[in-house]
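The structure under discussion appears below in the form of structure tokens.
The values are calculated or read from the model by the stated rules, or taken from the named source; none is laboratory data. Keep in mind the model is a prediction, meaning the values are calculated, not measured. Glycine gets a Cβ as well: all are built from the backbone with ideal geometry, and neighbour counts include every protein chain shown.
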Amino acid sequence: MKRKSQHYTISAVVLLIASLLSSCKLPQELSGTDSLKQTTTFSYVPDTVQRAQDLPAWRDFFYDPYLVALIDTAIANNLDLKMASQRIYQAQAGFRYSQRVFFPSINARTAAGTTRFGDYTVDGVGNFDTNFSPNLTDEQRIPNPVPDYFLGAETNWEIGLAGKLRNRKKAAMSRYMAAEFNRHAVQTHLVAGAARLYYELLAADNELKIIRQNLALQQRALEIVDIQKQSGQINELAVKQFQVQLLQTQALEAERIQYLIGVENSLNTLLGRYPQPIPRSDTLIATDQLAVISSGLPATLLQNRPDIREAEMQLKANEAELKAVKASFFPVLNISAFIALNGFNPTFFFNPASLAYTLTGALTAPIINRNQIMTDYRLQAGDKKVAFYNYQQRVLQSVAEVSSYYNRMMGYQQVSELKQREVNELKTATVIANDLFLTGYANYLEVLMVRRNVLDAEIQSMEATKEFFHSYIDFYKAMGGGWR
């Protein structure tokens, strides 16, 4: 019988060892080695402008002092940027926690309680019988109910044997870095957004000036044709046509005023404040308001663009989390202990005989819950893949943005120059049309048409100049500028 019992014991031990070894067996790798697809040049960008460079800080990129002051206000007050800063604090707290788990937790514990054991229980009978022992002093006799007082410290320490805690620390650090880069990315959008709205305001101001200048000319022309009507040189229809043109331009003025107020309010919201007048310069024509930059190289985007760096850090965090989940298949060593003063009478606490302690070490490995760990592993492997695809997508988008904004910028520069030449030609044509009309060699419709074309061309020229500024700002952001 004794030999049969030993056989069962040996079988149980062998079964336990086999279970532990099977729990250490890792599942097949679910995610292969991912490689980032890169390019060495920007398409549709001349090779002469593709060279390594250090992007200027935003304060050195924008030369307009009004705009610089507005961006300073935006960085100080913008709510999106404040929320991004709070996410950094949260990630920092997570990283600090991941550092603390490497060390044992130590807690002070005090407890008091009482228990009455039934007379027909093992403890009740045992305590009753024990009190008759001649080896006990009067102080050691067990009362019923039994008080229990505990005052001491306890600790617990988990020691991962496969790097689970170390990889979770790496993941927390990567998330912290991702939060930092997220704030930088928010700032790049903020700087570019503030600059775009600022130049939108300047363009609206200049268009309003153009409209009002044309209004003055049209008012003067209406007065002239009214005099000509009274002298019988033209009829009432010509006067009405000039009045209609004046009314159309006045409506355009009212529309532009409302648009300007809307842009100003949008910029104030971006600056984190209520609507108020925005100080600004009075011109948009000076293209030397922005520093000159080149397109750089695609490889520099991986370092300059904070959104790409954020995606990279998120990928690293997911990779570390995957390794941490993988480590959950391996055994874990848990050490627990306490040291305390313990007794059924608190007056004995200062008696060395009341000292109690325990020290326990346990090696545990998953057996029954291995399928749950496998599920977690598969989920985390999927998250890692998603993070990699997001990283790849950010890189692809950034290269495309640089190429698109560069060509958009150069295109609007050409459009602006051509529109300005068109305006100059139309202004000359206006002078000629006025002279011909006064001498009777041109009718009033030709004069109206030329004047209308001048107004349209001047507004289109201003719009093209504004779009050039917008494209240049977007190009600077696409290269990774704005967060330094």
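Among the conditions (1) crowded, with 19+ Cβ neighbours inside 10 Å; (2) without any contact (Cβ under 8 Å) to a residue 24 or more places away in the chain; (3) of a type in the set (A, V, I, L, M), residue 410 misses just one, which is (1).
For the range 441-484, give me each residue that is basic (Lys, Arg) and assigned to a helix (DSSP H, G or I).
The first filter runs over the range 441-484 and keeps only residues basic (Lys, Arg), leaving 451-452, 466, 477, 484.
Correct list: 451, 452, 466, 477.
Close Cβ contacts (under 9 Å, 6 or more residues apart or on different chains) running from residues in the range 88-102 that are surrounded by 12 or more Cβ atoms within 10 Å (Cβ to Cβ) to residues that are among the aromatic types (Phe, Trp, Tyr) comprise 88/176; 91/176; 92/176; 94/176; 95/176.
Right, residue 203: within 29 Å of the chain's Cα centre (by Cα) and touching a residue at least 12 places away in the same chain (Cβ under 8 Å) or not?
Values: within 29 Å of the chain's Cα centre (by Cα): no; touching a residue at least 12 places away in the same chain (Cβ under 8 Å): yes.
Judged against the criteria, residue 203 is not a match.
Being closer than 30 Å to residue 202 by Cβ, without any contact (Cβ under 8 Å) to a residue 60 or more places away in the chain and among the acidic types (Asp, Glu): is that true of residue 72 here? Yes: the conditions hold for residue 72. Against the list (1) outside the structural domain of residue 469 (by TED's automatic domain parsing); (2) part of a helix (DSSP H, G or I), the condition residue 358 fails is (2).
Please specify each residue of the range 417-437 satisfying the condition of being at pLDDT 75 or above and either hydroxyl-bearing (Ser, Thr, Tyr) or over 30 Å from residue 468 (Cβ atoms) (or both).
We begin by selecting, within the range 417-437, every residue at pLDDT 75 or above; these are 417-436.
428, 430, 432, 433, 434, 435, 436, listed by residue number.
Restricting attention to the range 143-180, report how many residues are among the aliphatic types (A, V, I, L, M) and crowded, with 16+ Cβ neighbours inside 10 Å. Talk me through it step by step, then tell me what you get.
So in the range 143-180, the residues among the aliphatic types (A, V, I, L, M) come out as 146, 151, 153, 159, 161-162, 165, 171-173, 177-179.
Right, trim to crowded, with 16+ Cβ neighbours inside 10 Å and you get 151, 162, 165, 171-173, 177-179.
Qualifying residue count, the range 143-180: 9.
For the range 58-119, the helices (runs of 4 or more DSSP H) that sit wholly inside it and include 3 or more residues that are outside the structural domain of residue 154 (by TED's automatic domain parsing) and hydrophobic (A, V, I, L, M, F, W, C) are 65-77, 79-100. Taking the range 350-396 as the search range and keeping residues that are touching a helix residue (DSSP H, G or I) at 6+ places or on another chain (Cβ under 7 Å) and among the hydroxyl-bearing types (Ser, Thr, Tyr), which one is farthest from residue 161 (Cα to Cα)? Applying the filter and picking the extreme gives 354. Considering only residues that are β-branched (Val, Ile, Thr) and touching a residue at least 12 places away in the same chain (Cβ under 8 Å), look in the range 251-273 and name the one that is surrounded by the fewest Cβ atoms within 10 Å (Cβ to Cβ). Checking each candidate, the answer is 257.
I'd like to know if the range 291-303 contains one or more residues that are out of contact with any Gly (no Cβ under 9 Å at 6 or more places or on another chain) and of a type in the set (Val, Ile, Thr). So that I can check it myself, show each step before the final result.
Keep residues of the range 291-303 that are out of contact with any Gly (no Cβ under 9 Å at 6 or more places or on another chain), which gives 291-292, 294-295, 297-299, 302.
In the following step, the residues that additionally are of a type in the set (Val, Ile, Thr) were identified as 292.
Yes, the conditions are met somewhere in the range 291-303.
Only a single criterion out of (1) of a type in the set (Ser, Thr, Tyr); (2) farther than 17 Å from residue 198 by Cβ; (3) at pLDDT 85 or above is not satisfied by residue 66, namely (2). The listed residues are 154, 180, 200, and the only one of them that is farther than 27 Å from residue 333 by Cβ and in contact with a Ser or Thr (Cβ under 9 Å, 6 or more places away or on another chain) turns out to be 200.
Of all the residues in the range 128-177, those that are more than 53 Å from the chain's Cα centre (by Cα) and assigned to a loop (DSSP other than H, G, I, E, B) number 12. Please tell me if residue 203 is more than 22 Å from residue 55 (Cα to Cα) and part of a helix (DSSP H, G or I). Answer is yes for this residue.
Give the range 43-57 a look and list any residue that's outside any helix (DSSP H, G or I) and surrounded by fewer than 17 Cβ atoms within 10 Å (Cβ to Cβ), or say none. Can you show your working first?
Residues of the range 43-57 that are outside any helix (DSSP H, G or I), as a first pass: 43-46, 50-57.
Across the range 43-57, the qualifying residues are 43, 44, 46, 51, 52, 53, 54, 56, 57.
For (1) outside the structural domain of residue 68 (by TED's automatic domain parsing); (2) surrounded by 21 or more Cβ atoms within 10 Å (Cβ to Cβ); (3) of a type outside the set (Val, Ile, Thr), each residue gets a yes or a no:
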position	(1), (2), (3)
415	no, no, no
432	no, no, no
441	no, no, yes
447	no, yes, no
457	no, no, yes
463	no, no, yes
484	yes, no, yes
